[in-house]
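**Q** Here it is, the structure, as C-alpha cells.
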Amino acid sequence: MEAMSRNPAHASLRLRRLFRWRPHQQWEAYLFILPSVLGFSVFVFAALIASLGISLTDWGLVGPKAFVGLDNYRSLLRDPVFALALGNTAFYVVTIVPLQLILGLLLALALNQGLRGRETFRMIYFLPVVTTLVAGAIVFRLLLGSNGPLADAVSAVGRLIGQPLSLPDLLGSTRYSKWAVVLLTLWKNTGFTLVVYLAALQGVPQELYDAAHVDGATSWQRLRHVTVPLISPTTFFLFILQTIGAFQLFAEPFVLTRGGPAQSSLSIVQHIYDSAFRFALMGKASAIAWFLFFFIFGFTLLQNYFQRRWVHYETE
Amino acid sequence: MSLRNRSAHSALLAVALAAAACSPAATPAPTSQAPTAEATQGAVTLTWAFWGSPEEAASHRLVADAFTKEHPDIKIETWNEPWDNYFTKIQALWASGDPKAVPDVAFLWPTPKYAAEGVLENLDPYIQKSGYNLNDYWGGLLESAKYNGSVYGLPRDIEVNVLYYNKTLFDKAGVAYPNDNWTWDDLLAAAEKLTVKDASGKVTQYALAVEGGKFAKWVNQNGGGILDDYVNPSKCRLADPESIAGVKFFADLMNNGYAIRDADLSQAGGDEAVFLSGQAAMIIQNTSRVSAFNKANLNYDVALVPIPKGGKRWNPAGGAAWVISAQSDNKDAAWTFLSWLQSKDGGEKIYTERGEIFPALQSAANSPAFLTDQPPANKQAIVTEAGASGVGGFGYFPDWDELNGTIISPVLQKIWTGEADPQQVLPELCQNVDQFLKDKGYPKK
Amino acid sequence: MQALSPRSTTRLGQPARGLLYTALVLGSLIMLAPFLVMVVVSLWPNQAFLERRFPLEQITLANFSETFQVIPFGRYILNNAIVAVTATVLQILISSLAAFAFARLRFWGRDSLFLIYLATLMIPSQITLIPNFLIIRALGWYDSYQALIVPALFSALGTFLLRQYFKTIPLELDEAARMDGASSLRIWWQIILPQSWPVIAVLAVFSFQATWNDFLWPLVVTSSDSMRTIPIGLSYFVGQYSTAWNLLMAGSVIALLPVLIVYFVAQKTFIQGVTLTGMGGR
C-alpha cells in the first residue's frame, strides 16, 4: 500500500527514516494492536471460521445434519434466485457508488464556496444519515407510492401544463423498484459523503489555489489539477467504503420493498438473510456469504492495485 | 518517564481491560429468570413465547393470569416479540442449541417446517394419555400442524376469509349489498359501479382490496389447485386450466382498476388501512380486522366470498399453532398449559371474547364468546366459510416456505403488477416447481 | 468577499451565487420532505393519516405521550444512549491504537494483518450473527449491556479510516518527539490524536449513529424490556396486519432528537478541533 510521494528523492529519505530498525518498536507495536486483535479474534475471525465450517454442511435449525463438502457452493450455480440477486446487487453497485460520490463532491464543493448558512445546509444534508433507516424507509414508501404525494404532485404539474403526466409506479413495478431503493440510499447516505469530502476540502492549502490562480488556471483546471488529486485519498476511502456498502445493501430494499415485487429488488444479502432466517438453510446462507466475500475481496484487491495510479498520499 | 507518560500507559491498560472483560457492574439483574422458580418449592415455571402488538400482548398476559389462577403450581413467564422479528429471534435461539434459551411453549407457523427440524415435541402421546378431543377442530385445520402423520401443534385460530363491505360506499353508489348467492359476475358488476376514477383516469376509490397472497381462494373456488397433494406433493397444478382461470380472474380485477394492485396495497398500509380510509369498498380478509373496524365505528358488514358459477365455497385451513419445544424441561406442565389454552372455556374463550381470533374449536365458535351482538351482524357468514375449510392454500411439508418464497410467489407477484400474463408464465412456473420438488426428493417414500 | 469567506476556492459572481443558493435550497427541500411527513403524521391521530386529511383542530401531542405508555420508551432511550456513547468512545480508542501501529510503527506482519482487517469489512454481518450469538451466550452475556457494546468495539472501518488519516500527518513530528525521548504511546496520545480531531469527529458521528440505529444484533441478543433499544421499540408499532403510523412516526421523531444533539455537539468540536490544531485553517 505504499503510494509514492511526488518527489522521489524526498520520499526515499522519508522511507529510510521510517524504516530505521528500532527493535523496541516491535513489541510496542504489538501492544498497540493487542486490544483490537483480541476483539477481532473473538468476534470476527472465530465467527468467520465457524461460518466457513457451516457452509460445508447441511445445517438446519439445530445444527449440522450432514457434511456435504462443496454441495452448497455447487448448488448456488444452479440457483436462479442467486443469479437474480447478484444481478440486482451489481445494479446497486454501479448506480449508487458513482451517483453518491458525484453528488457528495458537488455538494461539498458548493458548500466550500464560503456561502452564508453553510452549517445549516450541512446539517440538513446530514440529517438523513443519523435517522433510523426503518423510519426513513417507511416514509419513503408513503412518498413514492402510486397514490403518494409525489405521484399527486406530478399529475398536478401535468394538469397545469395540459399534458397527461404521471409518475411511474416506483415501488409496484419490477422495472423501477431498484431505482426506488437507489433513491432511498442516496437520500440516506449522500450527507455522509458530503461531510467527509468537506473535511477533506478544508485540508487543501489555500496557497495551492492562489498559486494556480496566479498561473491563470480556470476554475475547472483548478478543480481538475489541484482539488481532485489532493482529495484523492478521501475519494479512494469513500469509493471502497461505498462499494462494499452497496455490495452489502440489505436494510434499504428489505424495509422499502421486501426485495419485491417479484424479487426485482432482492439484494444478495437479503438472499442470505432469507436463506438463514426464513428457510433455515444455514449452510446455504454461509456459502452465499463466502461467495460474496470473495467477490468483494477480488474487487477491492483490484482497486487497491489501481489506486497507485490516482491516489496521492503526503507521506511514505 | 514522565508522569504524563504513565497516565497514558494506564489509559491503554484500561482500554485493554475493558475490551477483554467489559465490566459487568452496569448490568441490572434480569427481571425474569429461573432462580425465582426454583425458590418456590414444587412450582414449575414455563416460558411462553408469542408475537404481537402491545395490545395483543396484553390479551396473552390475561390468559396467562387466568391459567395460573386455575393452576397455581405452574407459573408462566411471557416472551414477546413484534411479528416481523419473532421468527428471526426464535430461529437464532434454536440455532444456539442452548435449551435454557428456548421457550417451553411457543406460537408458531408453519408447524411442519419446524417439526422436520426436530425442535418440536410430538404431541400424540400426550393427546392419547389425556384423551384430548381433536374432533372439535375445523376440517383440515389440524393438517397444518401435522408432520409425518403426528400432531406437533394445536392451532389457536383458523383463517376464515370473508368479504367485508362498506355499507356507506355501497349506498352512495346505489349498489345492493352482497348476499349469499353472489357469483363472480355479481362481484364484477358491483365492482364496476364502486370504482371511482378522477379526470386523469387515476383510481381514487377501489372496489376491492385483496392481498395477492390470498389468490388460492379464487383458484380453489374454481376447482383448481397449487399442488396435487399438499402433504407429499409430486406435481404442480397451477398450469391446470381451472387454476389459470382463477389467477386470471384476480389479475383482471387489478388490471381493470377494480382491485388495488398487491404492491400498492402494501405501500398503502394494507387492506385494513384502505378499508378504514374508504379507499376500498370491499376487502377479503380473516376476522382479525373486526376489532379495528369496530373501534373506528365503521358502517360495515361481512358476507360470503362470491364463487364462480358452478364453483364451490372454499377456505384455506390454516392457523398459527401452539407448540412445545423438544428441549423443554417441563413438558408435562407445558401440555397441561397447551391443552388448557385450546379448550372451549380456557384460552380459546378469552381470545375469542376479546375479538382477536376466530376460534380453531367449533364449540368455541358456536358459543356466546363468539356470537355476540357486536358487529359484524352477519356472523353466520363467518361460520359458513369456516365450514368450507380445507387443504389447498399452502403445502404442509417442511420445504413449502422455501418453495413458495423463492419460486411461486415471485411469479405471482409479477402477475399482480400486470407485467406478466398468467397464461404464459404459469406453465413455466409449474416446471420450476416440479423441478424443485424433484430436487428435494418429493414425493417421499 | 475573501474576508467573509476564508475557505473560498474561487470568487463567485452574484448570479452564480444565486444559482448555487437555489440549487442548495432545492436539494434541502428534497432532503427535508421525509422529515416533514414524519412530523405531520406524528401530530395527528392515526385516522387522520389514513384519510390523508389533516384538519388543524385535530392537531395533538397525544401520540408522543402514548408512545411512552404503550412501550417503555424512556428505558429504551436510556439503553440506546448508554450503548452508543460507550461503544463510540471505546471504539475510537481501540481503533486509534491499532491504526497508530499500522500507520506509523514497523512490525512483522503489519501489512498482511492490515489486509486481513480490510478483508473483514467485506463480510456481510448477517453471517457472523449466529456464531457471535453463541459466543455471547458462552460468555454469559445474553441480555446484557456487554452483549450490546463489546462486539461493536472492533471496527475495521474505524481502524482503516484513522490509519488513512494518520498517514497524512508529517513523520517529522514523530522524529522530533523521539529525539526528545518520547515513547510511541506518548506520540499517539500527545501528537497524533490531537492532530486528528476532524477524522475522530467523523468517526464518532458515524459510529454513534450505527450503534444508535442497529437493529438485528440487539434483537437477537436481548430479550427483556430493560435491555431493549429504540429500533426494536419502533418495530412494535408495525404489526402483522396493521401499522400504528402515528405512534411509529412520533417514536421516530423522539429517536431522532438525541442524535441531532450529538451531531450538533460533534459539529462544534469538529470545527473547534480544526481551528485549534490549525488543520487546514489559515
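The values are calculated or read from the model by the stated rules, or taken from the named source; none is laboratory data. Keep in mind it's a predicted model, so treat the numbers as computed, not measured. Note that each Cβ is placed from the backbone with ideal geometry, even for glycine, and that neighbours are counted across all protein chains shown.
**Q** What number of residues within segment C:199-230 are touching an Asp or Glu at 6+ places or on another chain (Cβ under 9 Å) and either under 30 Å from A:Ala199 (Cα atoms) or more than 8 Å from every other protein chain (Cβ to nearest Cβ) (or both)?
**A** Result for segment C:199-230: 4.
**Q** Any residue that is more than 17 Å from the chain's Cα centre (by Cα) and either free of Cβ contacts under 8 Å to residues at least 40 places away in the same chain or farther than 30 Å from A:Arg141 by Cα (or both) - is there at least one of those in segment A:234-249?
**A** Initial filter on segment A:234-249 (more than 17 Å from the chain's Cα centre (by Cα)): none.
No, segment A:234-249 has no match at all.
**Q** Something else now. Being crowded, with 18+ Cβ neighbours inside 10 Å and either within 7 Å of another protein chain (Cβ to nearest Cβ) or not acidic (Asp, Glu) (or both) is the filter here; which residues of segment B:76-86 pass it?
**A** B:Ile76, B:Trp79, B:Asn80, B:Pro82, B:Asn85, B:Tyr86
**Q** Go through segment A:229-316 and tell me which helices (runs of 4 or more DSSP H), entirely inside it, have 1 or more residues that are surrounded by fewer than 20 Cβ atoms within 10 Å (Cβ to Cβ) and at the interface with another protein chain (Cβ under 7 Å from one of its Cβ atoms).
**A** Working: elements: A:232-247, A:251-256, A:268-273, A:282-310.
In segment A:229-316, A:232-247, A:282-310 are the helices (runs of 4 or more DSSP H) which contain 1 or more residues that are surrounded by fewer than 20 Cβ atoms within 10 Å (Cβ to Cβ) and at the interface with another protein chain (Cβ under 7 Å from one of its Cβ atoms).
**Q** Counting just the residues of segment B:90-133 that are touching a helix residue (DSSP H, G or I) at 6+ places or on another chain (Cβ under 6 Å) and free of Cβ contacts under 8 Å to residues at least 24 places away in the same chain, which one comes out farthest from the other protein chains (Cβ to nearest Cβ)?
**A** Only one residue fits best here, namely B:Leu93.
**Q** Would you confirm, using the coordinates I've provided, whether C:Leu90 is touching a residue at least 12 places away in the same chain (Cβ under 8 Å) and more than 27 Å from C:Leu248 (Cα to Cα)?
**A** For C:Leu90, the condition - touching a residue at least 12 places away in the same chain (Cβ under 8 Å) and more than 27 Å from C:Leu248 (Cα to Cα) - is met.
**Q** All but one of (1) in contact with a Gly (Cβ under 7 Å, 6 or more places away or on another chain); (2) modelled with pLDDT under 90 hold for A:Arg78; which doesn't?
**A** It is condition (1) that A:Arg78 fails.
**Q** Assess whether A:Ala108 counts as being under 16 Å from C:Leu36 (Cβ atoms) and either of a type outside the set (Val, Ile, Thr) or in contact with a strand residue (DSSP E or B) (Cβ under 9 Å, 6 or more places away or on another chain) (or both).
**A** no
**Q** Is one or more of the residues making up segment B:370-381 part of a loop (DSSP other than H, G, I, E, B), assigned by TED's automatic domain parsing to the domain that holds B:Phe170 and touching a Gly at 6+ places or on another chain (Cβ under 9 Å)?
**A** Within segment B:370-381 (the criterion being part of a loop (DSSP other than H, G, I, E, B), assigned by TED's automatic domain parsing to the domain that holds B:Phe170 and touching a Gly at 6+ places or on another chain (Cβ under 9 Å)), the answer is no, since none of the residues qualifies.
**Q** Oh, and also: Return the only residue of A:Val204, A:Val195 being surrounded by 24 or more Cβ atoms within 10 Å (Cβ to Cβ), in contact (Cβ under 8 Å) with a residue 24 or more places away in the chain and farther than 17 Å from A:Asn88 by Cβ.
**A** A:Val195 is the lone residue from the list that is surrounded by 24 or more Cβ atoms within 10 Å (Cβ to Cβ), in contact (Cβ under 8 Å) with a residue 24 or more places away in the chain and farther than 17 Å from A:Asn88 by Cβ.
**Q** Would you pick out the residues in segment B:362-417 that are more than 14 Å from every other protein chain (Cβ to nearest Cβ), surrounded by 20 or more Cβ atoms within 10 Å (Cβ to Cβ) and within 19 Å of the chain's Cα centre (by Cα)?
**A** Residues satisfying the conditions are B:Ala365, B:Ile382, B:Glu385, B:Ala386, B:Ala388, B:Ser389, B:Val391, B:Gly392, B:Gly393, B:Phe394, B:Tyr396.
**Q** While we're on this one: Please work out which residue is surrounded by the most Cβ atoms within 10 Å (Cβ to Cβ), limiting yourself to segment B:116-158 and to residues that are of a type in the set (Asp, Glu) and not in a strand (DSSP E or B).
**A** B:Glu121
**Q** Go through (1) farther than 23 Å from A:Phe250 by Cα; (2) within 14 Å of chain B (Cβ to nearest Cβ); (3) within 31 Å of the chain's Cα centre (by Cα); (4) in a loop (DSSP other than H, G, I, E, B) one by one and return the number of the condition A:Val204 breaks.
**A** Every listed condition holds for A:Val204 apart from (2).
**Q** Report, by residue number, each residue of segment A:210-228 that is part of a loop (DSSP other than H, G, I, E, B) and among the β-branched types (Val, Ile, Thr).
**A** Here is the first cut: in segment A:210-228, the ones part of a loop (DSSP other than H, G, I, E, B) are A:215-218.
Matches in segment A:210-228: A:Thr218 only.
Results for (1) modelled with pLDDT of 80 or more; (2) within 7 Å of chain C (Cβ to nearest Cβ); (3) within 30 Å of C:Pro231 (Cβ to Cβ), shown as yes or no for each residue.
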{"site": "B:Asn5", "(1), (2), (3)": "no, yes, no"}
{"site": "B:Val15", "(1), (2), (3)": "no, yes, yes"}
{"site": "B:Ala19", "(1), (2), (3)": "no, yes, yes"}
{"site": "B:Pro35", "(1), (2), (3)": "no, no, no"}
{"site": "B:Leu62", "(1), (2), (3)": "yes, no, yes"}
{"site": "B:Thr88", "(1), (2), (3)": "yes, yes, yes"}
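**Q** Separate question: In segment B:50-63, is there at least one residue being part of a loop (DSSP other than H, G, I, E, B), surrounded by 15 or more Cβ atoms within 10 Å (Cβ to Cβ) and in contact with a Pro (Cβ under 9 Å, 6 or more places away or on another chain)?
**A** Among the residues of segment B:50-63, at least one is part of a loop (DSSP other than H, G, I, E, B), surrounded by 15 or more Cβ atoms within 10 Å (Cβ to Cβ) and in contact with a Pro (Cβ under 9 Å, 6 or more places away or on another chain), which makes the answer yes.
**Q** Could you say which residue among A:Leu99, A:Leu115, A:Leu144 is touching a helix residue (DSSP H, G or I) at 6+ places or on another chain (Cβ under 7 Å) and within 20 Å of C:Leu36 (Cα to Cα)? I'd like the intermediate steps shown before the answer.
**A** Numbers: A:Leu99 fails: within 20 Å of C:Leu36 (Cα to Cα); A:Leu115 fails: within 20 Å of C:Leu36 (Cα to Cα).
Checking each option against the conditions leaves just A:Leu144.
**Q** Tell me, which residue of segment C:1-13 that is surrounded by fewer than 16 Cβ atoms within 10 Å (Cβ to Cβ) and more than 19 Å from A:Phe121 (Cα to Cα) is modelled with the lowest pLDDT? So that I can check it myself, show each step before the final result.
**A** Kept after step one, since they are surrounded by fewer than 16 Cβ atoms within 10 Å (Cβ to Cβ), are these residues of segment C:1-13: C:1-4, C:6, C:11, C:13.
Retained after the next criterion (residues that are more than 19 Å from A:Phe121 (Cα to Cα)): C:1-3, C:11, C:13.
Values: C:Met1: 32, C:Gln2: 35, C:Ala3: 36, C:Arg11: 57, C:Gly13: 73.
Residue satisfying both the conditions and the ranking: C:Met1.
Conditions tested, residue by residue: (1) without any contact (Cβ under 8 Å) to a residue 40 or more places away in the chain; (2) in a strand (DSSP E or B); (3) in the same structural domain as B:Pro410 (by TED's automatic domain parsing); (4) farther than 30 Å from B:Thr168 by Cα.
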| site | (1), (2), (3), (4) |
| --- | --- |
| B:Ala263 | no, no, yes, no |
| B:Phe275 | no, no, yes, no |
| B:Ala281 | no, yes, yes, no |
| B:Asn297 | yes, no, yes, no |
| B:Val323 | no, yes, no, yes |
| B:Asp329 | no, no, no, yes |
| B:Ala334 | no, no, no, yes |
| B:Lys344 | no, no, no, yes |
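**Q** Considering only segment C:221-265, how many residues are of a type in the set (Gly, Ala, Ser) and in contact with a Phe, Trp or Tyr (Cβ under 7 Å, 6 or more places away or on another chain)? Spell out how you get there, then give the answer.
**A** If we filter segment C:221-265 for residues that are of a type in the set (Gly, Ala, Ser), which is where we start, we get C:223-224, C:226, C:233, C:235, C:239, C:242, C:244, C:250-252, C:255.
Retained after the next criterion (residues that are in contact with a Phe, Trp or Tyr (Cβ under 7 Å, 6 or more places away or on another chain)): C:223, C:233, C:239, C:244, C:250-251.
Qualifying residue count for the region: 6.
**Q** Something else about it: Go through the residues of segment A:110-118 one by one and say whether even a single one is in a helix (DSSP H, G or I) and either within 8 Å of chain C (Cβ to nearest Cβ) or of a type in the set (S, T, N, Q) (or both).
**A** Quick first cut of segment A:110-118, residues in a helix (DSSP H, G or I) only: A:110-111, A:118.
Next, from what is left, pick out any that are either within 8 Å of chain C (Cβ to nearest Cβ) or of a type in the set (S, T, N, Q) (or both): A:110-111.
Yes, there is a match, as at least one residue in segment A:110-118 is in a helix (DSSP H, G or I) and either within 8 Å of chain C (Cβ to nearest Cβ) or of a type in the set (S, T, N, Q) (or both).
**Q** Identify, please: which residue in segment A:129-157 is free of Cβ contacts under 8 Å to residues at least 24 places away in the same chain, at the interface with another protein chain (Cβ under 7 Å from one of its Cβ atoms) and assigned to a helix (DSSP H, G or I) and is, among those, surrounded by the fewest Cβ atoms within 10 Å (Cβ to Cβ)? Before the answer, list the steps.
**A** Filtering segment A:129-157 down to residues free of Cβ contacts under 8 Å to residues at least 24 places away in the same chain leaves A:130, A:132, A:135, A:139, A:142-143, A:147-157.
With the extra rule that they be at the interface with another protein chain (Cβ under 7 Å from one of its Cβ atoms), the set shrinks to A:130, A:132, A:135, A:139, A:142-143, A:147, A:155.
Now drop any that are not assigned to a helix (DSSP H, G or I), which leaves A:130, A:135, A:139, A:142-143, A:155.
Working: A:Val130: 23, A:Ala135: 23, A:Val139: 25, A:Leu142: 22, A:Leu143: 23, A:Ser155: 19.
Once the filter is applied, the top-ranked residue is A:Ser155.
**Q** Of the numbered conditions (1) under 24 Å from the mean Cα position of the chain (by Cα); (2) surrounded by fewer than 19 Cβ atoms within 10 Å (Cβ to Cβ); (3) within 22 Å of C:Ile187 (Cα to Cα), C:Arg110 fails exactly one; give the number of that condition.
**A** Result: C:Arg110 fails condition (1) only.
**Q** Shifting gears a bit: Which residue, of A:Leu76, A:Leu48, A:Leu52, A:Leu86, is within 28 Å of C:Ala156 (Cβ to Cβ), at the interface with chain C (Cβ under 8 Å from one of its Cβ atoms) and under 26 Å from the mean Cα position of the chain (by Cα)?
**A** Checking each option against the conditions leaves just A:Leu48.
**Q** Check every one of the helices (runs of 4 or more DSSP H) wholly within segment C:82-198 and list those with 2 or more residues that are within 8 Å of chain A (Cβ to nearest Cβ).
**A** C:110-120, C:129-138, C:156-166
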